[in-house]
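I have placed the structure first, in the form of structure tokens, so that the comments after it can refer back to it.
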Amino acid sequence: MIKVLKNLTKKDIYMIIFCFLLMVSQVYLELKIPEFMSKITRLVQTGSGTIGEILEQGGYMLLCSLLSLATAVIIGYFASILSSSLSLKLRSKIFNKVESFGMEEIKKFSTSSLITRTTNDVTQIEMTIAMGLQMMIKAPIMAIWAVTKILNKSIEWSMLTGLGVVILLITITIIMIIVIPRFERVQKLTDKVNGVTSENLNGIRVIHAFNAEEFQENRFDEVNTNLTKTQMFNQRMFSIMSPVMMLVNHSLTLGIYFVGAYLISEAGLLNKITLFSDMVVFSSYGMQVIMSFLMLAMIFMMIPRAQISAKRINEVLDEDNSIKDGDFDGETEEKGTIEFKNVSFKYPDADEKIIDNISFSVNKGETVAFIGSTGSGKSTLINLIPRFYDVTEGEILIDGINIKDYKQTCLHNKIGYIPQKAVMFTGTVKENITYGDNGKKKPTDKEVEKAIEIAQAKDFVKKMDGVLDAHIARGGTNISGGQKQRLAIARAIARNPEIYIFDDSFSALDYKTDLTLRKELKKYTKDSTNLIVAQRIGTIVNADKIVVLDKGKCVGIGTHKELLKNCEIYKEIALSQLSKEELENA
């Protein structure tokens, strides 16, 4: 929690000090009210006061109440500003931190958990700060000040008040011991609810297609019921506080008046009026002492949950990035060259290597393809180039420089990456194609149109309402898989990089579109380096170099014709897709 509070600025600290001074004023005003009540009581009891004097004291009471109300409103206003400002900073820091994560860190936290930490956990801290600023400062001031007011008034009344405080503290302690361990469980269950909901929305088509609605409903009901039961238990425990508070309050009032009646009956005539006045004042101050401890109790119940939320937030903020930024961001003499030197890679906590001792080089303007059976490590291999993961052994050089030495922005500006699963963002066609920062001037409309034309997306984009300004839904749900792939390719083309990485980016295209697109790409990217991961032999048959992978190892490198002669695994893959005649004529 202390780490979270370190996000407060000097301005926030000054705001807290200002609120503190206002709270002192508020407590002073509230504690003055019983004194005016005491004076009114004496004036009435002795009969020496006039109506005007009584009304004057009543006016002071009213003024104190109004001023106390005004300070409470001002304090509430500044507390809300302060808590909202802190939550704004926390959400921004979490989002920016997650943006800097590599794939290794992303997999440590589930998507649903990161969403909960950014929303629900931050809200818990915001509520605690907003209420805590008002109660945590006010309660001890009021309790101490009220105690000094009633000190030496009566040992009997003091003992009654102390007994009421002890009962409250015992009740609060028991509740906290039972409930606090369940707070962390509530947050984890909230993660699960978000996870099931997210999975359900992402897979809604499959769910409908397989009539799995009831299965999904049962899954959601299970996690939702667990969350509800835990929350209900916590709320039931907290609900004990209300009757206990009312019982202590009313019992204390009755006790003060009962003891007061006894003391007054035993006192002399002159002391009766003083005792009665003291009793009225003591009952008011006693209630304020109890209310102060109750306010503290409420905060002490909120703090453990906020502490758990702060811990979850700090887990994200303190996560050390495995991908460290290099220093190099200048120009290189070489352009578009890639070299793998004895590269091996295994996923964190995995026992076996996914990539094992692979070496090859790529010259500027070459097209290099990667092929192999499913799970052979093709996508993993090319994902090492933009440093989604870092190599376990060996090194990768781009333009003669180790990729670990590059600043990530500089490295990524050299690359046009088209992922295996085309990703579209909410916005327009143009916004999706000009997405991101390539370190250069944003592509013009003509350059965007050219990219669309090369990517064979012109026909369907022209038919869309608004053309370049046509709306793309979140995840591209309003266009087909093949259309998404072509727009993703257009995005890379518009970036005009040194190196293109196509991670099985033609899989959703028909053969005719695939062939036309590759021809146009070859013309446009003749000065760029192309890396292609593919399953189809037809997609890579004209590549300058083909790297054949099997179980993470390189089992062949060469042209299509060379590999047909020299690599049995490549020949098996090729024959499984094309006939001997088609291969000979390819």
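All of the numbers you see were taken from the coordinates with simple rules; none came from a lab. From a predicted model like this one, the values you see are computed outputs, not experimental measurements. Positions of Cβ are backbone-derived with ideal geometry, glycine not excepted, and every protein chain shown enters the neighbour counts.
In the neighborhood of GLU105, defined by Cβ-to-Cβ distances under 10 Å, what is the net charge if each Lys or Arg adds +1 and each Asp or Glu adds -1? Taking every other residue near GLU105 into account, the sum is 0.
Seen against the Cα atoms of the chain and their longest principal axis, helix 511-524 is set at about 90 degrees.
Note on the chain: antiparallel DSSP beta bridges, both residues inside, total approximately 50 percent of the bridges counted.
Between SER322 and LYS553, the contour length at 0.36 nm per residue exceeds the Cα-Cα span by 80.7 nm. Could you list which residues have their amide H under 5 Å from that of ASN478, counting only those 5 or more apart in sequence or on another chain, with H placed in the peptide plane? Under 5 Å from the amide H of ASN478: ALA473.
Think of each Lys and Arg Cβ as +1 and each Asp and Glu Cβ as -1; about the Cα centre, that makes the dipole of the chain roughly 800 debye. With the Cα gyration tensor of segment 182-248 giving a ≥ b ≥ c as the square roots of its eigenvalues, does the rule (a/c under 1.5 for rounded; else a/b larger than b/c for prolate; else oblate) give rounded, prolate or oblate? The shape class here is prolate.
Once the Kirkwood radius over Cα pairs is known for segment 458-519, the Stokes-Einstein relation at 4 °C and 1.567 mPa s delivers a diffusion coefficient of 101 µm²/s. Taking packing as the residue-averaged number of other Cβ atoms within 10 angstrom, the listed peptides 197-208, 536-547, 253-264, 388-399 run from highest to lowest as 536-547, 388-399, 253-264, 197-208. Among the listed values (1) 109, 57, 45; (2) 124, 46, 45; (3) 164, 66, 49, the one computed from these coordinates for Cα extents along the principal axes in Å is (2).
Taking amide hydrogens as placed 1.01 Å from N in the peptide plane, the amide H of ALA470 sits under 5 Å from those of VAL429, LYS430, each at least 5 positions away in sequence or on another chain.
How large is the direction-averaged shadow of the alpha-carbon convex hull of segment 2-317, in nm²? The orientation-averaged projected area of the Cα hull of segment 2-317 comes to 21.2 nm². Residues in segment 76-89 carry Karplus couplings, in order, of x, 5, 5, 5, 5, 4, 4, 5, 5, 5, 5, 5, 4, 5 Hz; the curve used is 6.51 cos²θ - 1.76 cosθ + 1.60 with θ = phi - 60°, and Gly or Pro positions show x.
Which entries in the list LYS324/LYS441; LYS484/LYS545; LYS522/LYS545; LYS346/LYS407 go over 25 Å, if you measure between the two C-alpha atoms of each? Please report the intermediate quantities before stating the final value.
Working: LYS324/LYS441 27 Å; LYS484/LYS545 28 Å; LYS522/LYS545 14 Å; LYS346/LYS407 23 Å.
Where the Cα-Cα span goes over 25 Å, the pairs concerned are LYS324/LYS441; LYS484/LYS545.
With a cut-off of 12 Å between beta carbons, the residues surrounding ASP527 carry a summed charge of +3, where Lys and Arg count +1 and Asp and Glu -1. Using the Cβ-Cβ distance between VAL24 and SER65 with R0 set to 22 Å, the FRET efficiency from 1/(1 + (r/R0)^6) comes to roughly 0.80.
Compared with the dominant Cα axis of the chain, that is its longest principal axis, helix 122-150 is turned about 20°.
With 21 Å as the limit on Cα-Cα distance, the pairs of LYS523/LYS553; LYS188/LYS311; LYS414/LYS523 that go past it are LYS523/LYS553. Give the lysines reachable from LYS138 as a straight Cα distance under 20 Å; neighbours fewer than 8 places away on the same chain don't count. Qualifying lysines at Cα under 20 Å: LYS32, LYS149. Less than 5 angstrom separates the built amide H of THR367 from those of ASN530, ASP544, LYS545, all sequence-distant by 5 or more or on a different chain.
Couplings for segment 223-238, taken from phi via the Karplus curve 6.51 cos²θ - 1.76 cosθ + 1.60 with θ = phi - 60°, read 6, 5, 5, 4, 5, 5, 4, 5, 5, 5, 4, 4, 5, 5, 5, 5 Hz in order; Gly and Pro are left as x.
Packing, as the average of other Cβ atoms within 10 Å across residues, places the peptides 510-517, 486-493, 187-194 in the order 486-493, 187-194, 510-517, highest first. Karplus-based coupling profile of segment 501-507, in residue order and whole Hz: 10, 9, 8, 6, 8, 10, 5, with θ = phi - 60° in 6.51 cos²θ - 1.76 cosθ + 1.60 and x standing for Gly or Pro. The residue list ALA488, THR444, ALA470 was ranked by how far each Cα lies along the charge dipole of segment 434-525 toward its positive end, using unit charges on Cβ atoms, and THR444 comes out on top. Principal-axis analysis of the Cα atoms of the chain puts helix 269-317 at an angle of about 10° to the longest axis.
Partners of LYS442 within straight-line reach, counting aspartates and glutamates whose Cα lies under 12 Å from its Cα and excluding those fewer than 8 residues away in the same chain: GLU431.
As a length-normalised measure over Cα pairs under 8 Å and 6 or more apart, the relative contact order of the chain settles at 14 percent. If the label point is 7 Å along Cα→Cβ of THR111, which residues in segment 396-424 have backbone nitrogen under 14 Å from it? Those under the cut-off are 421-424.
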